[in-house]
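Trainee: I'd like to ask some things about the structure below.
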Amino acid sequence: MSDEQRGGERAGRGGRGGRGKRAGRAGRDAGRERRDADAATGAPAPHPRGRRVAGDALRALRTRLGASPAVGNAAWRLGEVLHHRGVERRPGSVDPDRFAGLYDGPDAPTYPRGAPPVDPLDPAPAPGVANPVLTVADVTDVPGAHCVADPFLLPDGDTWHLFFEVYAHYRRPTAVIAHATSADGADWTYDGVVLETEHHLSYPYVFRWGGEHYVVPDAWSKDPANPAPVTLYRARDFPRGWAPVAELFTPPGDLHDCTLFRWGDRWWALCGDGRDLHAYHAPSLDAEGWTPHAANPVVEGRPAGARPGGRPVVRDDRILAFYQDGTDHYGGRVRAYEITELTPETYRDREASGSPVLAADGGRFGWFSGFTHQFDPWYDGEGWWCAVDGNPGFGWRATGDHHWAIGMFRAPA
């Protein structure tokens, strides 16, 4: 995803306009200082979801925990006991034929097909599903894994596929892309790691086009001055065998969570840094060197909605895009924006009337109690089936913030 700087800045960016920019610059400076200090002490690379800790004492505690794998893992295990205890898997009671016929064939699009007029703006935990449907306890092939996050669904015939990040704080690379399958969306079977590179990989934006399976993961470079290129992969033997097809573009800075869709006569990509949103476009999916939008950044100084947070719903007259709201802190909520005008020279959007669409439940304990930042909706003929992620809130300053898990929500159509 990103580095501690990007997560930590969310708390200090505040509102919009000049004051927010000054706060953001201060946060970036503080983030660089912390990274330099970590490098000097040999501390592990920070988790991209790290948030700035208020107070010197708590910051020192987290540094101490992070520097010692034994102590850090002990604190992490305490957090798992606090928030994931009592999670029992039970057979799902979901109709396994919900997607029958909707997403079969070679021309399944990058976005939900047959979407009704009602947008997925009112999701809730799916009936008949024991959330979370996937936790780090399901991961069997990543030693020292700490959490799973960034889920993307892909219904394909009679099988549901789920691609997601597996994060391991003391491993190199710190994150890889894994896969799970389900017959009904309720009961999931972990299938293993399917994509790993030298970079930290997350946000596996997976889709089909022209009878082929593609994925565009977010690749985080440790060196902010040399960001990793946005790379398109195609599967030789789906869901494995991912091979690079094209380097779409190299972002000019700390831009992440690239989201692709077809609109009009060209392909579009949106990515952001949590404050500014950038767009790119190309006439074909596998073109090298996509063209930056003439007005980049197309959105500036909007921490409430400037970093993608899931798959968009593409209509004939508009695009419903989901963005992470990092106004108060990273993982605050997910908001929906309607993109009403998009050309190589223009971009206009407005927040949807039902936004925000997703926020943590605010409880003291539990997988969805503190933070959330991912929303991937698919229409199934009756309503919207939505993959989400969540992270506990209580105690994260001491136990770390690597407790993300994945759940399934429903939204009416």
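Trainee: Name the single residue that is nearest to the chain's Cα centre (by Cα) among those in the range 273-282 being of a type in the set (A, V, I, L, M, F, W, C) and surrounded by 23 or more Cβ atoms within 10 Å (Cβ to Cβ).
Mentor: Looking at the filtered set, the residue picked out is LEU277.
Trainee: Taking VAL206, is it hydrophobic (A, V, I, L, M, F, W, C), without any contact (Cβ under 8 Å) to a residue 40 or more places away in the chain and either surrounded by fewer than 22 Cβ atoms within 10 Å (Cβ to Cβ) or in contact with a His (Cβ under 9 Å, 6 or more places away or on another chain) (or both)?
Mentor: No; evaluated as a whole, the condition is false for this residue.
Trainee: Moving on to the next point. Give me a count of the residues in the range 156-173 that are surrounded by 23 or more Cβ atoms within 10 Å (Cβ to Cβ) and either modelled with pLDDT under 95 or acidic (Asp, Glu) (or both).
Mentor: So the count comes out to 2.
Trainee: Right, another one. Return the pair list, or none, for Cβ contacts closer than 9 Å from residues in the range 365-377 that are over 25 Å from LEU320 (Cα atoms) to residues that are buried (at least 24 other Cβ atoms within 10 Å of the Cβ) and among the β-branched types (Val, Ile, Thr), at least 6 apart or on different chains.
Mentor: TRP367/ILE406
Yes or no, residue by residue, for (1) more than 20 Å from the chain's Cα centre (by Cα); (2) touching a residue at least 40 places away in the same chain (Cβ under 8 Å):
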{"position": "VAL299", "(1), (2)": "no, yes"}
{"position": "GLY310", "(1), (2)": "no, yes"}
{"position": "ASP325", "(1), (2)": "no, no"}
{"position": "GLU338", "(1), (2)": "no, no"}
{"position": "GLU341", "(1), (2)": "yes, no"}
{"position": "GLY354", "(1), (2)": "yes, yes"}
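Trainee: Within the range 369-384, which residues are assigned to a loop (DSSP other than H, G, I, E, B), at negative phi and more than 15 Å from the chain's Cα centre (by Cα)?
Mentor: Matches in the range 369-384: SER369, GLY370, ASP380, GLU382.
Trainee: Tell me, yes or no, whether the range 354-361 has at least one residue that is at pLDDT below 95 and of a type outside the set (Gly, Ala, Ser).
Mentor: Checking the range 354-361: at least one residue is at pLDDT below 95 and of a type outside the set (Gly, Ala, Ser).
Trainee: Quick one: count up the residues across the range 385-406 that are assigned to a strand (DSSP E or B) and either modelled with pLDDT under 80 or under 16 Å from the mean Cα position of the chain (by Cα) (or both).
Mentor: The qualifying residues number 8.
Condition check ((1) surrounded by 23 or more Cβ atoms within 10 Å (Cβ to Cβ); (2) in contact with a Cys (Cβ under 9 Å, 6 or more places away or on another chain); (3) of a type outside the set (Val, Ile, Thr); (4) part of a loop (DSSP other than H, G, I, E, B)) across all residues:
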position	(1), (2), (3), (4)
VAL245	no, no, no, no
CYS271	yes, yes, yes, no
SER284	no, no, yes, yes
GLY305	yes, no, yes, yes
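Trainee: Those residues that are of a type in the set (Asp, Glu) and surrounded by fewer than 20 Cβ atoms within 10 Å (Cβ to Cβ), I need them from the range 307-340; list them, please.
Mentor: ASP316, ASP317, ASP328, GLU338
Trainee: Now, a different point. Take the residues in the range 189-219 that are among the aromatic types (Phe, Trp, Tyr) and at pLDDT 95 or above; name whichever of them is farthest from LEU134 (Cα to Cα).
Mentor: TYR214
Trainee: Pairs, please: C-beta under 7 Å, at least 6 apart or cross-chain, first residue under 14 Å from VAL215 (Cβ atoms) and in the range 258-270, second in a strand (DSSP E or B) and of a type outside the set (A, V, I, L, M, F, W, C)?
Mentor: CYS258/TYR205; CYS258/ASP218; THR259/TYR205; THR259/PRO308; LEU260/TYR205; ALA269/THR259; ALA269/TYR280
The values are calculated or read from the model by the stated rules, or taken from the named source; none is laboratory data. Nothing here was measured: the structure is a model prediction, and the numbers come from that model. Reconstructed Cβ throughout: ideal geometry from the backbone, glycine too, with neighbour counts over all protein chains shown.
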